[in-house]
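Report on the structure given below.
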Amino acid sequence: HVLIDEAQDTSPSQWGLIEALTGEFFAGEGAGEEARTLFAVGDPKQSIFRFQGAEPKKFEEMRREFETRAKGAGQRWEDVPLQVSFRAAPVLLEAVDAVFADEEMDLGLGGTAPRHRASRAGAGGRVEIWPLETGEKRDPGDPFEPPIEYSREDAAETALADRVARRIAGWLAGGEPVAPGGRPMRAGDIMILLPRRSGRAFIPRVIAALKQAGVPVAGIDRMTLAEELAVMDLAAIGDFVLLPEDDLTLATVLKGPLFGFDDAALFELAHGRKGTLWAALRSHPDTERFGPCFEALGALLGKADFIGVHAFFADLLAEGGLRRKIAARLGEEANDPIDEFLNAALDYERRHASSLQGFLQWLRSGEAEVKRQLDQRGRNEVRVSTVHGAKGLEAPVVILPDTTGRRTAQHDPNLLRKGDLLLWPPSKAKDAIDPHSEPVLKAHREADAGERRRLLYVAMTRAADRLVICGWNNSGRELPEDCWYHAVRNRLADSMTPEDDPDFDEPLLAMERRAEQSEDEEPAADLELPPPLPGWARRPVPPGALMAAPDGDDGEAFPVASPLRGGSVGRFRRGRAIHKLLELLPEVPPERRVETARRFLAADPELAGGAEATIREAMAVLDDPAFRPVFGPGSRAEAPLVGRIGGEIVSARIDRLALLPEETLIVDFKSGRAPPAGPAEAPAAYLRQLARYVALLRQMRPDRPVRAALLWTEAPLLMPIPESCLAPYMP
């Protein structure tokens, strides 16, 4: 069975893979075997991932291809059009249909304009178009006189962010209904969508404005930590600790929120110095002013050598008061990236040996990107996202603020693809482009325009009860007719009513409909009801098992060393350290393993004393001749394993797995447990667990033997488990 979800975003290479997987479904013996199914669901109107290779027309092309194959093989084929919207109120769907009925708003699919039918036939709804925000108009003044006041180039953008925040705060305080005749609005009902994340700073501005207005807001849906100002301040402190002699880094730290130097203080410290800035700070005669800074930084240098990355920054933010200082300088919204920074430090330490330099490099390489799931039910917060990030989501109230952007030649690729050829046009100007590149570039721009209109379609159809269109114009120049704002306003203005509002200098436009019936009433009688569920959908799912611990009939299944024994805490920490070393060191070249282990253990002062003995024991396990391949090239740590044993679905994760040409090896780690005298004395729970692993792997590789072992990290002791010990527990 092949299921393809979001098929409109499938690329040609992915369709090629699907064709290869399903080729035998419709030919030869494969066409007559037990029912094989292909199920694809998608909406070409919502294809907005062209930058990932998606081609919406390919969806229709493959639909026709599979239909021909299925009917040619005498198999059943069904096209199931989905034309009923169960999300949006009728007035919102009418607005969408009116916008995209115009030929100039063609979605680039070569088909007819979309027409929607509403399941919520009597529901109320409202569409608003606000006047464009132009910011505070200023007198340009005499161009030959120096400016007296600073004039922001993004004043209109900032003004709109403030207006959106005030408007939402007023809605929530005044009990504004989500739609005429509906229930009062909550913060969690509102979603603000933008067409792109880069190029504009509206997202952080509106989040800051919402927080200042006291409106709960979920924060940015995707965050590159290295680009956040609060994180830059923290990373600069880490850079100083790694290299105190770097004058520019130290100056950045001194001017940062930790110490708050102004230019005069930094000049006094730096001017006329004989050596490094760090030396000048250490020897400056004004000890009352500069002495505390030197002592604080010296304490950080000493602490960084003995604690992990997360503990270093967590202590600095809490005990050092840096979190409070950053929030005072950057605003309360800075707490969001700070929290994610600490989470990233924890995540890094789980995946890698704790290293401040390694963490900062990992952070700046772009790997520390935070993606949040916005569909968090139960959280009453305004959501802010791009349209791409909101794909598949919905909200009672959707606000589209960034609607005035224009497409420029900067969006054109430097290389154009024509079949298997790449073309480089020396010029893309209309009167200078070469005849080979011109039609290719024209087709690219048309495809781009179609996707931008599809992006507007997706944005508008995220709303269930209320849709707000607004925008800004900093330049004062005429906006392009194909921008979202004009595309919607020009096609809806005749059917909308001007409304005076004290928040605006000009009337806003609105079209609304009050609720005619309760949302709980039955759907309209003319709607087609779905067919009844087939029989297979009503059959019970087989019971699943997640390798649960056995009942208590096995005696003491998990013997644990007594916590009252002397040194048990140290042994437990040592066992966990060996477990981590055995997970990390196989990925390190053999000649670097000992040095890597030393650096890893040096991060924990309680393990440093016995580090050499711990390393020898870990290396002895890795070099054990019987199981050396399970830690060698091609082996896998934390390998997932899913399969069926009898009528039971088993899902598990094996600590170490090696699929060798001649055999299969598995090792299960046991930490914090006292090793038994021999395999026969191992707890029944562990033997049953291993027996299931072995049974599943034998199904996967029936022609190869499977050998299993338990690794007791407290000793450490690698204990091969013979077949005779597993036989009583085989399923």
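Can you tell me which residues in the stretch 428-468 are out of contact with any Asp or Glu (no Cβ under 9 Å at 6 or more places or on another chain), more than 16 Å from ASP97 (Cα to Cα) and small (Gly, Ala, Ser)?
Once the filter is applied, which keeps residues that are out of contact with any Asp or Glu (no Cβ under 9 Å at 6 or more places or on another chain), more than 16 Å from ASP97 (Cα to Cα) and small (Gly, Ala, Ser), the stretch 428-468 yields ALA429, ALA432, SER437, ALA443.
Suppose we filter the stretch 633-652 for residues that are at pLDDT below 80, in a loop (DSSP other than H, G, I, E, B) and surrounded by 14 or more Cβ atoms within 10 Å (Cβ to Cβ); how many remain?
Residues flagged as at pLDDT below 80, in a loop (DSSP other than H, G, I, E, B) and surrounded by 14 or more Cβ atoms within 10 Å (Cβ to Cβ) within the stretch 633-652 amount to 0.
If you check ALA708 against the conditions, is it without any contact (Cβ under 8 Å) to a residue 60 or more places away in the chain and either buried (at least 19 other Cβ atoms within 10 Å of the Cβ) or among the basic types (Lys, Arg) (or both)?
Numbers: without any contact (Cβ under 8 Å) to a residue 60 or more places away in the chain: yes; either buried (at least 19 other Cβ atoms within 10 Å of the Cβ) or among the basic types (Lys, Arg) (or both): yes.
Yes.
Can you go through ARG324, ARG350 and tell me which one is exposed (fewer than 14 other Cβ atoms within 10 Å of the Cβ), modelled with pLDDT under 85 and outside any loop (DSSP other than H, G, I, E, B)?
Numbers: ARG324 fails: modelled with pLDDT under 85.
Residue meeting the stated conditions: ARG350.
Any chance you could count how many residues in the stretch 583-593 are outside any loop (DSSP other than H, G, I, E, B) and either assigned by TED's automatic domain parsing to the domain that holds ILE307 or touching a helix residue (DSSP H, G or I) at 6+ places or on another chain (Cβ under 6 Å) (or both)?
So in the stretch 583-593, the residues outside any loop (DSSP other than H, G, I, E, B) come out as 583-587, 590-593.
Restricting the remaining residues to those that are either assigned by TED's automatic domain parsing to the domain that holds ILE307 or touching a helix residue (DSSP H, G or I) at 6+ places or on another chain (Cβ under 6 Å) (or both) gives 585-586, 593.
Number of matching residues: 3.
Can you tell me which residue within the stretch 172-208, out of those that are touching a residue at least 60 places away in the same chain (Cβ under 8 Å) and more than 30 Å from the chain's Cα centre (by Cα), is surrounded by the most Cβ atoms within 10 Å (Cβ to Cβ)?
Step by step, filter the stretch 172-208, then rank; the result is ALA179.
In a helix (DSSP H, G or I), without any contact (Cβ under 8 Å) to a residue 60 or more places away in the chain and touching a Gly at 6+ places or on another chain (Cβ under 7 Å): does that describe LEU690?
Values: in a helix (DSSP H, G or I): yes; without any contact (Cβ under 8 Å) to a residue 60 or more places away in the chain: yes; touching a Gly at 6+ places or on another chain (Cβ under 7 Å): no.
No; evaluated as a whole, the condition is false for this residue.
Answer yes or no as to whether ALA264 is of a type outside the set (Asp, Glu), surrounded by fewer than 21 Cβ atoms within 10 Å (Cβ to Cβ) and free of Cβ contacts under 8 Å to residues at least 24 places away in the same chain. Don't jump to the end; show me each part of the working.
Details: of a type outside the set (Asp, Glu): yes; surrounded by fewer than 21 Cβ atoms within 10 Å (Cβ to Cβ): yes; free of Cβ contacts under 8 Å to residues at least 24 places away in the same chain: yes.
Spelling it out, ALA264 is indeed of a type outside the set (Asp, Glu), surrounded by fewer than 21 Cβ atoms within 10 Å (Cβ to Cβ) and free of Cβ contacts under 8 Å to residues at least 24 places away in the same chain.
Restricting to the stretch 566-581, name every residue that is in contact with a Leu (Cβ under 7 Å, 6 or more places away or on another chain) and either under 14 Å from GLU617 (Cα atoms) or modelled with pLDDT of 80 or more (or both). Lay out the reasoning, then the answer.
Taking the stretch 566-581 first, the residues in contact with a Leu (Cβ under 7 Å, 6 or more places away or on another chain) are 573-574, 577.
Residues satisfying the conditions are ARG574, ALA577.
How many of the residues making up the stretch 612-632 are of a type in the set (Asp, Glu) and assigned to a loop (DSSP other than H, G, I, E, B)? Spell out how you get there, then give the answer.
Filtering the stretch 612-632 for residues of a type in the set (Asp, Glu) gives 612, 617, 623-624.
Filter again for assigned to a loop (DSSP other than H, G, I, E, B), leaving 623-624.
Summing the residues that are of a type in the set (Asp, Glu) and assigned to a loop (DSSP other than H, G, I, E, B) in the stretch 612-632 gives 2.
In the stretch 250-276, what residues are part of a helix (DSSP H, G or I) and of a type outside the set (Gly, Ala, Ser)?
Within the stretch 250-276, LEU250, THR252, VAL253, LEU254, LYS255, ASP263, LEU266, PHE267, GLU268, LEU269 meet the criteria.
Mind checking which residues of the stretch 313-356 are of a type in the set (A, V, I, L, M) and without any contact (Cβ under 8 Å) to a residue 24 or more places away in the chain?
Let us first name the residues in the stretch 313-356 that are of a type in the set (A, V, I, L, M), namely 314, 316-318, 322, 326-328, 330, 334, 338, 342, 344-346, 353, 356.
Within the stretch 313-356, ALA318, ALA327 meet the criteria.
Does at least one position in the stretch 99-117 carry a residue that is surrounded by 12 or more Cβ atoms within 10 Å (Cβ to Cβ), farther than 27 Å from GLU446 by Cβ and outside the structural domain of PRO396 (by TED's automatic domain parsing)?
Yes, some residue in the stretch 99-117 is surrounded by 12 or more Cβ atoms within 10 Å (Cβ to Cβ), farther than 27 Å from GLU446 by Cβ and outside the structural domain of PRO396 (by TED's automatic domain parsing).
Can you name the residue in the stretch 488-526 that is touching a Pro at 6+ places or on another chain (Cβ under 8 Å) and either of a type in the set (Phe, Trp, Tyr) or in a loop (DSSP other than H, G, I, E, B) (or both) and, of all such residues, is modelled with the lowest pLDDT?
Checking each candidate, the answer is ALA515.
For residues in the stretch 593-611 being more than 35 Å from the chain's Cα centre (by Cα) and surrounded by 13 or more Cβ atoms within 10 Å (Cβ to Cβ), which is modelled with the highest pLDDT? Even if it seems obvious, please write down each step before you answer.
Residues of the stretch 593-611 more than 35 Å from the chain's Cα centre (by Cα): 594, 605-611.
From what's left, surrounded by 13 or more Cβ atoms within 10 Å (Cβ to Cβ): 594, 607-608, 610-611.
On the way: VAL594: 89, LEU607: 74, ALA608: 71, GLY610: 79, ALA611: 84.
Only one residue fits best here, namely VAL594.
Hey, VAL468 hits all of (1) at pLDDT 95 or above; (2) assigned to a loop (DSSP other than H, G, I, E, B) but one; which does it fall short on?
Failing condition for VAL468: (2).
If I filter the stretch 42-55 for residues that are hydrophobic (A, V, I, L, M, F, W, C), over 30 Å from PRO195 (Cα atoms) and surrounded by 13 or more Cβ atoms within 10 Å (Cβ to Cβ), do I get at least one hit?
Pass one, the stretch 42-55, residues hydrophobic (A, V, I, L, M, F, W, C): 48-49, 51, 54.
Cutting the leftovers down to over 30 Å from PRO195 (Cα atoms) gives us none.
Checked against the condition, which is being hydrophobic (A, V, I, L, M, F, W, C), over 30 Å from PRO195 (Cα atoms) and surrounded by 13 or more Cβ atoms within 10 Å (Cβ to Cβ), the stretch 42-55 yields no hits at all.
Report, by residue number, each residue of the stretch 116-129 that is over 32 Å from the mean Cα position of the chain (by Cα), part of a loop (DSSP other than H, G, I, E, B) and at pLDDT 85 or above.
SER119, ARG120, ALA123, GLY124
The values are calculated or read from the model by the stated rules, or taken from the named source; none is laboratory data. Keep in mind the model is a prediction, meaning the values are calculated, not measured. No Cβ is skipped: glycine too gets one built from the backbone with ideal geometry, and neighbour counts run over all protein chains shown.
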